[in-house]
Amino acid sequence: MSVGSDFKAFVMRGNVVDLAVGVIIGAAFGKIVSSLVDDVLMPPIGKLVKGVDFSSLFFALDGNAYSSMKAAKDANVATINYGLFLNTVINFLIVAFCVFIIIQILQKWINKPAPPAPATTKDCPQCAMSIPIAAKKCGHCTTQLA
């Protein structure tokens, strides 16, 4: 086999294609969740904490106060952007929760309980010992079975 056909065989394996689809779907799902956090969840949370926009919370390492993160960056000051970090943590928690819910739903679909196996034994009506279903006579007490 040539390198080209080896590569084609590798890429066309089910695992690689499934992984690629998973990565693409995951990236799109991440964008949806980021929009959910930034555009839907964080504004009401910011309003609850008196209009604070978490993404604009920062601490300038030079000790001076700056009106915005952009002003600190324009002054070439190193900043600790803990507001952006909070947004990222909330984003992660929401993604993790969504993935958890999706996995729970998939497990219910995939892991349906198997039907019970057909019985292979029965109990003797006289001695209550387990005997094969096809038995005509109990091997323990020798009772004739119907």
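The values are calculated or read from the model by the stated rules, or taken from the named source; none is laboratory data. As the structure is a prediction and not an experimental result, all values here were calculated from the model. For neighbour counting, all protein chains shown are included, and Cβ atoms are generated from backbone atoms with ideal geometry for every residue, glycine included. Surface accessibility is based on the protein's heavy atoms, side chains included, excluding ligands, DNA and RNA. Shrake-Rupley method; radii C 1.70, N 1.55, O 1.52, S 1.80 Å.
Details
- The listed residue being touching a residue at least 60 places away in the same chain (Cβ under 8 Å), open to solvent by less than 60 Å² (accessible area, probe 1.4 Å) and either out of contact with any helix residue (DSSP H, G or I) (no Cβ under 8 Å at 6 or more places or on another chain) or not aromatic (Phe, Trp, Tyr) (or both), out of Cys98, Cys124: Cys98
- Hits in the stretch 41-64 - residues which are loosely packed, with under 10 Cβ neighbours inside 10 Å and outside any loop (DSSP other than H, G, I, E, B): Pro44, Leu48
- Residue check for Ala135: exposed (fewer than 10 other Cβ atoms within 10 Å of the Cβ), not basic (Lys, Arg) and not in a helix (DSSP H, G or I): no
- In summary, Gly30 fulfils each of the numbered conditions (1) open to solvent by 50 Å² or more (accessible area, probe 1.4 Å); (2) touching a residue at least 24 places away in the same chain (Cβ under 8 Å); (3) within 26 Å of Ile102 (Cα to Cα) with the single exception of condition (1).
- Annotation: Cys98 fulfils all but one of (1) more than 43 Å from the chain's Cα centre (by Cα); (2) in a helix (DSSP H, G or I); the unmet one is (1).
- Conditions (1) open to solvent by 80 Å² or more (accessible area, probe 1.4 Å); (2) without any contact (Cβ under 8 Å) to a residue 12 or more places away in the chain; (3) in contact with a Phe, Trp or Tyr (Cβ under 7 Å, 6 or more places away or on another chain): number failed by Tyr82: (2)
- Qualifying residue in the stretch 135-143 (condition: under 28 Å from Ala27 (Cβ atoms) and in contact (Cβ under 8 Å) with a residue 12 or more places away in the chain): no
- Within the stretch 102-119, not a single residue is assigned to a loop (DSSP other than H, G, I, E, B), open to solvent by 90 Å² or more (accessible area, probe 1.4 Å), at pLDDT 85 or above and aliphatic (A, V, I, L, M).
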